[in-house]
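To start, the structure under review is shown below, and the notes come after it.
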Amino acid sequence: QVQLVESGGGLVQPGGSLRLSCAVSGSIFSVLVMTWHRQAAGKQREWIAIITSTGTTTYVDSVKGRFTISRDNAKNTLYLEMTNLKPEDTAVYYCNAGLRTADGGPPEVHWGQGTQVTVSS
């Protein structure tokens, strides 16, 4: 069974930094596109950053220049380096991975359980 486990969330002051991680485990053949999403209280979940298997990245405008998405393919781990955090970045952050499992089935999409990021003084 495939699992995505996020870590690294917490409380940080405006202007501070945090690094989120998302570890993918299970019977995996390959991990394809990986994304970070976030959902603020009372709002819809939104994607914020995408990274392909070859390392191409795309960001939503609101985080461009402040957040960096990266991945370690050897460890099947996704990262989100967040700097210059603002109160409006407060949300639950979710990772998402498109992957192929070892049983040779079609590509699947899996989500992590989410990690809370709170930016407040």
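The values are calculated or read from the model by the stated rules, or taken from the named source; none is laboratory data. The model shown is predicted, which means the values in this text are computed figures rather than measured ones. Using ideal geometry, Cβ is built from the backbone for each residue, glycine included, and neighbour counts are taken over all protein chains shown. What goes into the accessible areas is simple: the full protein's heavy atoms, side chains included, and nothing from ligands, DNA or RNA. Shrake-Rupley method; radii C 1.70, N 1.55, O 1.52, S 1.80 Å.
Quick look at the values:
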quantity: Thr118 vs. criteria more than 17 Å from Leu4 (Cα to Cα), touching a Leu at 6+ places or on another chain (Cβ under 6 Å) and in contact (Cβ under 8 Å) with a residue 12 or more places away in the chain; calculated: yes
quantity: Count of segment 96-120 residues which are in contact with a Ser or Thr (Cβ under 7 Å, 6 or more places away or on another chain), open to solvent by less than 80 Å² (accessible area, probe 1.4 Å) and assigned to a strand (DSSP E or B); calculated: 8
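Conditions tested, residue by residue: (1) within 17 Å of Cys95 (Cβ to Cβ); (2) touching a residue at least 12 places away in the same chain (Cβ under 8 Å); (3) open to solvent by less than 30 Å² (accessible area, probe 1.4 Å); (4) among the small types (Gly, Ala, Ser).
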{"site": "Gln1", "(1), (2), (3), (4)": "yes, yes, no, no"}
{"site": "Val12", "(1), (2), (3), (4)": "no, yes, yes, no"}
{"site": "Gly16", "(1), (2), (3), (4)": "no, yes, yes, yes"}
{"site": "Arg38", "(1), (2), (3), (4)": "yes, yes, yes, no"}
{"site": "Glu46", "(1), (2), (3), (4)": "yes, yes, no, no"}
{"site": "Ile51", "(1), (2), (3), (4)": "yes, yes, yes, no"}
{"site": "Thr54", "(1), (2), (3), (4)": "no, no, no, no"}
{"site": "Val60", "(1), (2), (3), (4)": "yes, yes, no, no"}
{"site": "Lys64", "(1), (2), (3), (4)": "no, no, no, no"}
